[in-house]
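Following: one structure in structure tokens, then a few remarks.
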Amino acid sequence: MPLIDLANPSRFLALASRVLPWLTAATLLAFAFGISQAYLAPDDYQQGATVKIMFLHVPAAWLGMLAWGVMSVAALGTLVWRHPLADVAAKAAAPIGAAFTLMCLVTGSLWGRPMWGTYWVWDARLTSVLVLFLMYLGVIALWRTVDDPARAARVVAVLTLVGAINIPIIKFSVEWWNTLHQPASVLRLGGSTIHPTILVPLIVMVVAFTLLFLTLHLAAMRNEILRRRVRTMQMLQADARA
Amino acid sequence: MTGTLTAVTALFIRDARIAIRIGGGAMIGVLFFLTVVTLVPFAIGPDLALLRRIGPAILWLGALLANLLALDRLITMDQEDGSLDLILMARVPLELAVATKAVAHWLTTGLPLVLAAPLLGLLLNLDPQATGAVALTLLAGTPALTFIGLIGAALTVALRRGGLLLAVLVLPLTIPVLIFGVAASNAAIVGPVPFAAPFGVLCALSLMSLVVGPFAAAVALRQGLE
């Protein structure tokens, strides 16, 4: 089905209701597999059982960034093609992205307490995730400020794209500013430094979280369309009464 | 081409004149800067050694906040008196028009902050070399603050809501400028990083915002006001 067909909300709703049960089932399966794998994974020789926080922390961080990516693509859809579904996709992704970013911060903080002896250090990665979280909240605030959803979408799209340009710059600056955190270890030249017994559950959890994001995002988009319909119907009703 | 140049010059002169003559935009920014710097010793105590150590950071934060509070005047006033509609309809590209406005705004709000910084450095017990470094980094960095702020100002004008929302949207984007501004100042004072490295990045940030700012602001105005 070409993307333009989905501009019709009824067609999108029909597609969503067909896809959502399968997506939900896949998410549940992936989590069942991932969590059992994570449970069976060996403890770290230094960090003990706390290393298992990683199975929530790393996927949450990945989704915090992925959600901004989804919002940026949707922003292009809004500004370039004026695709009505893009507005809905951008709006639905913002709170989910913010939630995953917050989850990343909270799990990281709980992990930091036993490992670094403190809940918070002004370390490069923590700080840039915190800034990302602030930017999500700014986007959500901007969405809520405007009444007219179409205009809100276009204004937020500009902010999202400016953010997409700035996030790498902020990340680079913050890293330059300070680094205590261990260097990147999952994806890097010369192979991963994580042992396969931990890496495999981690990858499964990342897949499970991504599926969860897709499910939540699709459901949120459906809810947003229904919400707009309810609003229009209420306005029509008020109009008819007057 | 000459028509565009004339229009841009006229817009520039008009904006500069308004900023200087009406409501004292430039002077209030400096006054605010002075007030912030005066407040700091009350919060942390009159310890001159400590003030000297965190002096560059205080000056940078003060300049950042003063710049932020002045952003409200950048486009909102034009919207209130209707001249924004004229600018939107004019034959001059909107990107060029908002860039001109931002340059005028920087000359009347950003530059006075840079000039005031050495004086405020005295209050914070900074030695001449440190003062010079802070002033130089402010000179290189405040254009970035203005042009990033331009985007925020355009976004909030489209919504007819400014104030706190503008601050929430703009401040996270200014973090790199703050980092490299303070880092360059400290590099000049205590080292160990050479001054040129962070200072070069600071200049790069300013140049980049000079390119991105006007385009994003023009898109925000066009999309938000239609």
DSSP loop chymotrypsin sites (Phe, Trp or Tyr not before Pro) with at most 15 other Cβ within 10 Å: longest gap in chain A | A:123-242
With charges set only on the Cβ (+1 for Lys and Arg, -1 for Asp and Glu), what does the dipole of the protein assembly as shown come to about its Cα centre, in debye to the nearest 20?
-> 780 debye
Helix A:54-76 sits at what angle to the longest principal axis of chain A, using alpha carbons and giving 0 to 90 degrees rounded to 10?
-> 30 degrees
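Where does chain B land at 222 nm, in deg cm²/dmol rounded to the nearest 500, when only DSSP H runs of n ≥ 4 count, each adding -39500 (n - 2.57), divided by all residues?
Working: 11 runs with 189 residues, N = 226.
Helix contribution divided over all residues of chain B: -28000 deg cm²/dmol.
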Given A:142, A:32, A:57, which one lies farthest toward the positive end of the charge dipole of the range A:1-155, if we put +1 on the Cβ of every Lys and Arg and -1 on the Cβ of every Asp and Glu?
-> A:142
Any idea what log10 I(q)/I(0) is at q = 0.07, 0.14, 0.16 Å⁻¹ for chain A, Debye with uniform C-alpha scatterers and no solvent?
-> -0.29, -1.01, -1.22
Relative contact order (percent) for chain A, with alpha-carbon contacts under 8 angstrom and 6 or more residues of separation?
-> 32 percent
With r as the distance between the Cβ atoms of residue A:230 and residue B:119 and R0 = 56 Å, compute the FRET efficiency 1/(1 + (r/R0)^6) and round to 0.05.
-> 0.40
Cα lying deepest toward the dipole's positive end in chain A, options A:112, A:127, A:235, charges on Cβ | A:235
Work out the charge dipole of the range B:2-225 with +1 on the Cβ of Lys and Arg and -1 on the Cβ of Asp and Glu about the Cα centre, then indicate which of B:38, B:209, B:79 is farthest towards its positive end.
-> B:79
If you place +1 on the Cβ of every Lys and Arg, -1 on the Cβ of every Asp and Glu, and leave all else neutral, what size is the dipole of chain B about its Cα centre, to the nearest 20 Debye?
-> 80 debye
Please work out the C-alpha center-to-center distance from the range A:77-100 to the range B:51-94 and express it in whole Å.
-> 29 Å
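Classify the protein assembly as shown from the C-alpha gyration tensor, please: rounded if a/c falls under 1.5, else prolate or oblate depending on whether a/b exceeds b/c. List each step's numbers first, then the result.
Numbers: a/c = 2.38, a/b = 1.19, b/c = 1.99.
Oblate, because a/c is 1.5 or more while a/b does not exceed b/c.
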Partner chain Cβ atoms within 10 Å, averaged over the residues of A:149-158 - can you pull that number for me?
-> 5
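Treat the range B:2-225 as a sphere of radius equal to its Kirkwood radius over Cα pairs and apply Stokes-Einstein at 20 °C in a medium of 1.002 mPa s; give the translational diffusion coefficient in µm²/s, rounded to a whole number.
120 µm²/s
Every read-out reported here was derived from the displayed coordinates using simple, explicitly stated rules and does not represent laboratory data. As the structure is a computational prediction, the values presented were derived from the model and not from experiment. Counting neighbours? That spans all protein chains shown, and the Cβs are built from the backbone with ideal geometry, glycine included.
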